[in-house]
Amino acid sequence: MGRALAPSSNLPRSLASTVTIVPGLEPIAALHKGELPQKDNLCGAFWGALVLRAAGVTDVDGEPVDQDLVALHAGTTLPEGDPETFVPRGAVPRNDYRLELPLAAESEASGTSASALARAIEWLSAGKLTVVPVAGPWSGEQILELVETVAEAAPEATVLANIDTGPLWGSHPDPAVVIAHLSGAVVAPPPPDWSAGHFFNLLGTIRGPGGSLVLVRDSYASLGWGGHHLQPPGAVAAALERADGREGGILCVCLAAEHEGVRSRLAGSYKLRHWGNGTPDPEAR
């Protein structure tokens, strides 16, 4: 089950917090550090490659498992335009693609379909990995409970959120803002680093005496601390709801043996289906 870190006895009782971490994060952590940053517009494929390699899938039919291979199998399409507009503030574009990926007919439909990414992960893993899609409902408490439930039900799982980054906090908040939020105060957070459709990893939760935060692992080292930042669960919920006519959702990537346990634990509280993030699924076409 998830590791719950007890509050330090040296802290005032009013500042005591509980931290839950998805246990199987160590293999992903090492791979994540070495893979940063993602290639431009391959956020979904970035995470697909990491979960596959963490599960021991390093090549498929003689091809190395990397962002490009996952993108190719997921039908990812690239937009046309200035690469500087594809990355968050402070990040450097990266377009050293190993494989030729197609351009989208319309730039706004570029990217990776969440359902196609899930299918690519399952196929490339030869059934070793299974994906449970979650399409809501979204609230701050629902986000916390989902991460904590998966941490307990599937120790090797990776929780991938497909979001619009616009509603998020900026990834470098003043520590005083973080402490005040956890204590229950109303704070003025930093503005978001960028606004785009994106995939990132929800790796844990912090429940404070008056507020909570979600631990996020991202695909750009410039975001937060080496690609790790903190987000209020309400902001993550808003990022999943989206306000651009598209849907957001979560992919729970787990070992096939853990699939039924995760699905049964989530079925009573969440809609377990795929969603439309604005990028067409090639199989649906």
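Give Glu141, Glu156, Glu145, Glu152 a once-over and let me know the one that is open to solvent by 40 Å² or more (accessible area, probe 1.4 Å), over 23 Å from Ala284 (Cα atoms) and part of a loop (DSSP other than H, G, I, E, B).
Values: Glu141 fails: part of a loop (DSSP other than H, G, I, E, B); Glu145 fails: part of a loop (DSSP other than H, G, I, E, B); Glu152 fails: part of a loop (DSSP other than H, G, I, E, B).
Just a single option satisfies the conditions, and that option is Glu156.
Does Leu182 meet the test of being closer than 16 Å to Leu144 by Cα, over 15 Å from the mean Cα position of the chain (by Cα) and either at pLDDT 95 or above or of a type in the set (Asp, Glu) (or both)? Before you say what the answer is, go through the steps one by one.
On the way: closer than 16 Å to Leu144 by Cα: yes; over 15 Å from the mean Cα position of the chain (by Cα): yes; either at pLDDT 95 or above or of a type in the set (Asp, Glu) (or both): yes.
Answer is yes for this residue.
What number of residues within the stretch 50-78 satisfy the criterion of being open to solvent by 20 Å² or more (accessible area, probe 1.4 Å), more than 21 Å from Glu26 (Cα to Cα) and touching a strand residue (DSSP E or B) at 6+ places or on another chain (Cβ under 8 Å)?
1
Restricting the search to the stretch 189-227, which residues are at pLDDT 95 or above and either β-branched (Val, Ile, Thr) or open to solvent by 50 Å² or more (accessible area, probe 1.4 Å) (or both)?
The answer is Pro191, Thr205, Ile206, Arg207, Val214, Val216, Ala221, Trp225.
Could you please let me know if Leu52 is farther than 24 Å from Leu103 by Cβ, touching a Lys or Arg at 6+ places or on another chain (Cβ under 7 Å) and assigned to a helix (DSSP H, G or I)?
Working: farther than 24 Å from Leu103 by Cβ: yes; touching a Lys or Arg at 6+ places or on another chain (Cβ under 7 Å): no; assigned to a helix (DSSP H, G or I): yes.
The answer is no for Leu52.
Looking only at the stretch 36-49, filter to residues that are touching a residue at least 60 places away in the same chain (Cβ under 8 Å) and assigned to a helix (DSSP H, G or I); which one of those is surrounded by the most Cβ atoms within 10 Å (Cβ to Cβ)?
Gly48
Which pairs do you get when a residue that is touching a residue at least 24 places away in the same chain (Cβ under 8 Å), found in the stretch 176-197, comes within reach of a residue that is basic (Lys, Arg) and crowded, with 18+ Cβ neighbours inside 10 Å, reach meaning Cβ atoms under 6 angstrom, with the pair 6+ apart or on two chains?
Taking only residues 6 or more apart or on different chains, not a single pair turns up.
For residues that are open to solvent by 80 Å² or more (accessible area, probe 1.4 Å) and touching a residue at least 40 places away in the same chain (Cβ under 8 Å), scanning just the stretch 79-95, find the one that is farthest from Gly170 (Cα to Cα).
Kept after step one, since they are open to solvent by 80 Å² or more (accessible area, probe 1.4 Å), are these residues of the stretch 79-95: 80, 82, 84-85, 89, 92, 95.
So of that shortlist, the ones also touching a residue at least 40 places away in the same chain (Cβ under 8 Å) come out as 89, 92, 95.
Working: Arg89: 10, Val92: 18, Asn95: 25 Å.
Filtering first and then ranking leaves Asn95.
Considering the stretch 241-279 alone, what residues qualify as being part of a helix (DSSP H, G or I) and touching a helix residue (DSSP H, G or I) at 6+ places or on another chain (Cβ under 8 Å)? Steps first, answer last, please.
Taking the stretch 241-279 and keeping what is part of a helix (DSSP H, G or I), we get 241, 256-267.
The answer is Glu258, Gly261, Val262, Arg265, Leu266.
Considering only the stretch 78-136, state which residues are among the small types (Gly, Ala, Ser) and in a loop (DSSP other than H, G, I, E, B).
Scanning the stretch 78-136 gives Gly81, Gly90, Ala91, Ala104, Ala105, Ser110, Ser113, Ser125, Ala126, Gly127, Ala135, Gly136.
This table checks each residue for (1) over 20 Å from Trp194 (Cβ atoms); (2) modelled with pLDDT under 95; (3) within 17 Å of the chain's Cα centre (by Cα).
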| site | (1), (2), (3) |
| --- | --- |
| Phe86 | no, yes, no |
| Glu100 | yes, no, no |
| Ala109 | no, yes, no |
| Leu117 | yes, no, yes |
| Val134 | yes, no, yes |
| Trp138 | yes, no, yes |
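Only one of these is modelled with pLDDT under 95 and within 16 Å of Asn162 (Cβ to Cβ): Gly249, Gly245. Name it.
Numbers: Gly249 fails: modelled with pLDDT under 95.
That would be Gly245, the only listed residue that is modelled with pLDDT under 95 and within 16 Å of Asn162 (Cβ to Cβ).
In the stretch 190-228, how many residues are assigned to a strand (DSSP E or B) and within 17 Å of Ala45 (Cα to Cα)? If you could, list the steps in order and put the result at the bottom.
The first filter runs over the stretch 190-228 and keeps only residues assigned to a strand (DSSP E or B), leaving 197-207, 212-217, 228.
Those left that are additionally within 17 Å of Ala45 (Cα to Cα): 197-202, 217.
Qualifying residue count, the stretch 190-228: 7.
From the list Val57, Val19, exactly one residue is outside any helix (DSSP H, G or I), of a type in the set (Val, Ile, Thr) and at pLDDT 95 or above. Which is it? Even if it seems obvious, please write down each step before you answer.
Details: Val19 fails: at pLDDT 95 or above.
Exactly one residue qualifies, and that residue is Val57.
The values are calculated or read from the model by the stated rules, or taken from the named source; none is laboratory data. As the structure is a computational prediction, the values presented were derived from the model and not from experiment. Glycine gets a Cβ as well: all are built from the backbone with ideal geometry, and neighbour counts include every protein chain shown. Heavy atoms of the whole protein, side chains included, go into the accessibility calculation; ligands, DNA and RNA do not. Shrake-Rupley method; radii C 1.70, N 1.55, O 1.52, S 1.80 Å.
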